[in-house]
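Comments concern the structure below.
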Amino acid sequence: MNYVKVILATLAVAACMLYLGWIFVYTSGRENEVCDRLEIRITDAHQVNFVDSTFLLNEVKAKGLYPVGKKFADIDLNALETTISHCPMVLKALCYRTPAGEIKIEVKQRRPMYRVIPANGTGSYFVDENHEAFPTNSNSPVEVPLLSGYLTKDVAADSLFNLMTFIKNDKFWREQATQVYVDEKQQIIIVPRVGEHIILLGNTDNFKAKLERVETFYHKVLNEVGWNLYDKIDVRYENQIICTPIQQQ
């Protein structure tokens, strides 16, 4: 057991409790004071930029919750926090009053794992690390795997989540798989970046073993004979790789 980490964690919790207690004592009895400033801070703006403070400020004003100029007794911090948290691009929000007479809202955005483009034309969306779908934002391009085809949100966010996050986190497949496509028969097809072929995955059963077979085949065979010989690489069946040559015209 790492006692140093335990001690440091205990001290950090104690410091937070003391700070919150100090704020409570300092601010109690000052409910008639007027809020003079609202600060909305996007804590992870350096990573993604799906939402900005101006947009969230407008949401607060639209709900009639803008606190500046109001007495603290008339400000509903819970309503402010809830309004910000309900923004589709926001993962969580923390709203609090400072001893300086300000209200601060700290916002963390959703983290996209992959993008989904359904074949029915209903519009694209991201899926985050909690399996939740949220709207895409063209103002913040991010490099994540692409999933498309004939699929519902339940299939996109749940059934295919493990496959898509594996592709995102695996160095080889993150660079090689440009798109995962689900056809009308719910068969999974991977479109690679290099080569003229597609990869027939079938379903998600043992998908890691299937992709390992393809990667081994790439290194041991295609690196030797060339990448443009085959039209399809089929790994739907256990312990097999079936390659269909490109038909010569």
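The values are calculated or read from the model by the stated rules, or taken from the named source; none is laboratory data. This one's a predicted model, so the numbers in the text were calculated from it and none came from an experiment. Glycine gets a Cβ as well: all are built from the backbone with ideal geometry, and neighbour counts include every protein chain shown. Calculation scope for accessible area: heavy atoms of the full protein, side chains included, ligands and nucleic acids excluded. Shrake-Rupley method; radii C 1.70, N 1.55, O 1.52, S 1.80 Å.
Some points to look at:
- Among the conditions (1) hydrophobic (A, V, I, L, M, F, W, C); (2) touching a residue at least 40 places away in the same chain (Cβ under 8 Å); (3) in contact with a Ser or Thr (Cβ under 9 Å, 6 or more places away or on another chain), the only one that I117 does not satisfy is (2).
- Residue selection: K208 satisfies the criterion of being surrounded by fewer than 20 Cβ atoms within 10 Å (Cβ to Cβ), touching a residue at least 40 places away in the same chain (Cβ under 8 Å) and in contact with a helix residue (DSSP H, G or I) (Cβ under 7 Å, 6 or more places away or on another chain).
- With respect to the conditions (1) modelled with pLDDT under 95; (2) assigned to a loop (DSSP other than H, G, I, E, B), A73 falls short on a single one, namely (2).
- The set of residues in region 26-64 being open to solvent by less than 40 Å² (accessible area, probe 1.4 Å) and either touching a Leu at 6+ places or on another chain (Cβ under 8 Å) or among the polar types (S, T, N, Q) (or both) consists of T27, L38, I40, V60.
- Verdict on V221 being surrounded by fewer than 17 Cβ atoms within 10 Å (Cβ to Cβ), without any contact (Cβ under 8 Å) to a residue 12 or more places away in the chain and of a type in the set (V, I, T): yes
- Some residue of region 124-131 being surrounded by 17 or more Cβ atoms within 10 Å (Cβ to Cβ), more than 11 Å from the chain's Cα centre (by Cα) and touching a residue at least 24 places away in the same chain (Cβ under 8 Å): no
- Complete set of residues in region 124-158 that are part of a loop (DSSP other than H, G, I, E, B) and more than 22 Å from Q187 (Cα to Cα): E129, N130, E132, T136, N137, S138, N139, S140, P141, V142, E143
- Taking the criterion of being touching a residue at least 12 places away in the same chain (Cβ under 8 Å), part of a loop (DSSP other than H, G, I, E, B), over 11 Å from I233 (Cα atoms) and not hydroxyl-bearing (S, T, Y), the only residue of region 196-205 that qualifies is N203.
- Residue check, I7 in a helix (DSSP H, G or I) and either farther than 29 Å from R111 by Cβ or modelled with pLDDT of 90 or more (or both): yes
- Residues satisfying the stated conditions in region 97-115, i.e. open to solvent by 10 Å² or more (accessible area, probe 1.4 Å) and out of contact with any Asp or Glu (no Cβ under 8 Å at 6 or more places or on another chain): R97, T98, P99, A100, E106, R115
- Scope region 144-180; condition open to solvent by 70 Å² or more (accessible area, probe 1.4 Å) and either small (G, A, S) or under 23 Å from W227 (Cβ atoms) (or both); matching residues: S159, K171, R174, E175
- Among the residues of region 106-124, the ones that are of a type in the set (G, A, S) and either touching a strand residue (DSSP E or B) at 6+ places or on another chain (Cβ under 6 Å) or modelled with pLDDT of 95 or more (or both) come to 2 in all.
- When K185 is tested against (1) assigned to a loop (DSSP other than H, G, I, E, B); (2) more than 27 Å from P245 (Cβ to Cβ); (3) without any contact (Cβ under 8 Å) to a residue 12 or more places away in the chain, exactly one condition is not met: (2).
- Qualifying residue in region 80-99 (condition: more than 23 Å from the chain's Cα centre (by Cα), over 26 Å from R115 (Cβ atoms) and assigned to a helix (DSSP H, G or I)): yes
- Note on region 149-183: residues that are closer than 16 Å to V194 by Cα and hydroxyl-bearing (S, T, Y) amount to 1.
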